1. Once the other residues with Cβ under 15 Å from the Cβ of Arg181 are scored (Lys, Arg +1; Asp, Glu -1), what is the net sum?
2. Using a 1.4 angstrom probe, figure out how much accessible area region 244-297 has per residue, in square angstrom, rounded to the nearest whole.
3. For region 130-135, in order, what is each residue's ³J(HN,Hα) by Karplus, 6.51 cos²θ - 1.76 cosθ + 1.60 with θ = phi - 60°, in whole Hz (x at glycine and Pro)?
4. What are the semi-axes of the equivalent ellipsoid of region 16-83, taken as the square roots of 5 times the eigenvalues of the Cα gyration tensor, listed largest first and rounded to whole Å?
5. Can you classify region 22-61 as rounded, prolate or oblate using the Cα gyration tensor, where a ≥ b ≥ c are the square roots of its eigenvalues, rounded means a/c under 1.5, and otherwise it's prolate if a/b beats b/c and oblate if not?
6. Output the Cα-based Rg and Dmax of region 83-122 in Å, rounding Rg to one decimal and Dmax to a whole number.
7. Kindly sort Val270, Val131 by accessible area of their heavy atoms, largest first, with the probe set to 1.4 Å.
8. Which ³J(HN,Hα) values, rounded to whole Hz and listed in residue order, are derived for region 266-274 from phi using the Karplus coefficients 6.51, -1.76 and 1.60 in 6.51 cos²θ - 1.76 cosθ + 1.60 with θ = phi - 60°, glycine and proline given as x?
Amino acid sequence: MSRRALLVLNPNSRNGAEADLDSGLARLEAAGIAVKTLCSQGPQETEAAIRQQHKSLDLVIVGGGDGTVSSTARVLIESQLPLAVLPLGTANDLARSLGIVDLGQAFDVIIDNHRQAIDLGVVNGHYFFNVANMGLGVKVTEAQDSDIKKRWGVFSYLRAFFIALGRAQKFRVDLTLDDKRYRMGSIQLAVGNGRYYGGGNLVAEEARINDAKLDLYCLRPRGLMELLGMALLVRNGKHHLAKRIFSASAERIEIETKPGLEIHADGEPVTETPATFKVIPAALQILVPRNSDELLSDREKDNDTDSH
């Protein structure tokens, strides 16, 4: 049975993938999927197109980086259309969280049409798929630009990390995790809905984008050498092994900082502290590989529910 899809492309995120993109679109057409393409200049144009066409669509495909995909979350919830992702950005952390490793596999997933519900994070009314940062993570984002990303690719995040270390500032943070309260010093605080962020870092070792919870870690102020020594633990989501890292999970998180801090979600500035984070379980239907190791299976989700 034929399907109708709108492909939203970020013209700045194609990463030299034109040939692979064209061959993939030809595969979709051969599989009976009629695709309209929108080279969008921004979120407003994308939202307007989806709202206008949603009754005649079966699927929205977004090609770009995580910021591009994240900007469609609100309108996809409103229209109740399923999402497919073409990883055309630098980090493609949402694709990683779904178990999609490259563009060719992404087209396989669209043709196969296997869907699974995933969660969304919300911070002060702004939706996000992967992770929201404040502190050092924001400095990492600010140390990058589109030219550096194109030249360095995913290694641009490592370069930006070392630049950001020299700009990191201490702040005080008051946390409320569901009904538990904490107070501590920090240079970096991250709240994750998904599994990956920042070019393949794990927000928590056990995190999944369909586990109905948020994962938080708070990096306490330390000297440069100690921070570098903890880098591999942070990269692999093993925060519980480092004494100077506080980590926890919750469904609702409230954060106050002194001074107030800018918050970036999925690599884009969205709001400031104080902030309230929530998770919306099973918020969107998304096309994923069958039996992806990066996602909880229905059986695992049932077992997790029973354990609570």
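1. Here the count lands on -1.
2. 50
3. 9, 9, 10, 10, 8, x
4. Sorted largest first and rounded, they come to 21, 16, 10 Å.
5. Numbers: a/c = 3.90, a/b = 1.63, b/c = 2.39.
Cα axes put region 22-61 in the oblate bin.
6. Just the Cα atoms of region 83-122 yield Rg and Dmax of 10.4, 31 Å.
7. Details: Val270 40, Val131 5 Å².
Accessible-area ranking of Val270, Val131, largest first: Val270, Val131.
8. Each residue of region 266-274 in turn: 6, x, 10, x, 10, 6, 9, 6, x Hz.
The values are calculated or read from the model by the stated rules, or taken from the named source; none is laboratory data. Please read these numbers as outputs of a predicted model, since none were measured by experiment. Heads up, the Cβs are rebuilt from the backbone with ideal geometry, glycines too, and the neighbour counts pull from every protein chain shown. Accessible surface areas use protein heavy atoms only, side chains included; no ligands, DNA or RNA. Shrake-Rupley method; radii C 1.70, N 1.55, O 1.52, S 1.80 Å.
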